[in-house]
1. Report, by residue number, each residue of segment 93-111 that is farther than 18 Å from Asp20 by Cβ and over 14 Å from the mean Cα position of the chain (by Cα).
2. Sort through Ile44, Ile68, Ile19 and tell me the only one that's part of a strand (DSSP E or B), surrounded by 18 or more Cβ atoms within 10 Å (Cβ to Cβ) and not polar (S, T, N, Q).
3. Here are some conditions: (1) within 17 Å of Val88 (Cα to Cα); (2) buried (at least 17 other Cβ atoms within 10 Å of the Cβ). Ser50 meets all but one. Which one does it not meet?
4. Could you tell me which residue of segment 1-16 is surrounded by the most Cβ atoms within 10 Å (Cβ to Cβ), considering only residues that are modelled with pLDDT under 95, in a strand (DSSP E or B) and not aliphatic (A, V, I, L, M)?
Amino acid sequence: MSVSSGYAYTGPAALRDVIDRALRQVVDPEVAMNVVDVGLVYAIEVKDESVHVTMTMTSAACPVADVIVDDVQGELESALPAQFVVDVELVWEPAWSTERMSERAKTFMGW
């Protein structure tokens, strides 16, 4: 397992950048930043032709959680070969914190 872009990645090296670019296309509309920089993605596991995404939201009351999850699913399905099955798991533990944000996101937010 290695850490790329703030989340754990397990899988073929050849897919790491493809997956990361796809995830960076998904924007959390509440903060106008991509889900990687916000720190919402915890882990990606690619095994055989399956991609499992573990992610969270900034709060359990996030009104756009379904939209973000659907966008992650759609971007990955578009970026990966057709035989890949994408599963996005929304978790609440560990809880998201501002420490998960990239330096770029912190600067953007004025922190």
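1. Going through segment 93-111, the residues farther than 18 Å from Asp20 by Cβ turn out to be 93-99, 106-111.
Those that are farther than 18 Å from Asp20 by Cβ and over 14 Å from the mean Cα position of the chain (by Cα): Glu93, Pro94, Ala95, Ser97, Thr98, Glu99, Lys106, Thr107, Phe108, Met109, Gly110, Trp111.
2. Values: Ile68 fails: part of a strand (DSSP E or B); Ile19 fails: part of a strand (DSSP E or B).
Result of the check over Ile44, Ile68, Ile19: Ile44.
3. Against the list (1) within 17 Å of Val88 (Cα to Cα); (2) buried (at least 17 other Cβ atoms within 10 Å of the Cβ), Ser50 comes up short only on (2).
4. My answer is Ser4.
Here is a yes/no grid of residues against (1) among the hydrophobic types (A, V, I, L, M, F, W, C); (2) in a helix (DSSP H, G or I); (3) in contact with a His (Cβ under 9 Å, 6 or more places away or on another chain):
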| position | (1), (2), (3) |
| --- | --- |
| Ala82 | yes, no, no |
| Val88 | yes, no, yes |
| Glu93 | no, no, no |
| Trp96 | yes, no, no |
| Glu99 | no, yes, no |
| Gly110 | no, no, no |
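The values are calculated or read from the model by the stated rules, or taken from the named source; none is laboratory data. In this text, all values refer to a predicted model and were calculated from it rather than measured experimentally. Quick reminder, even Gly has a Cβ in these numbers, built from the backbone with ideal geometry, and neighbours come from all protein chains shown.
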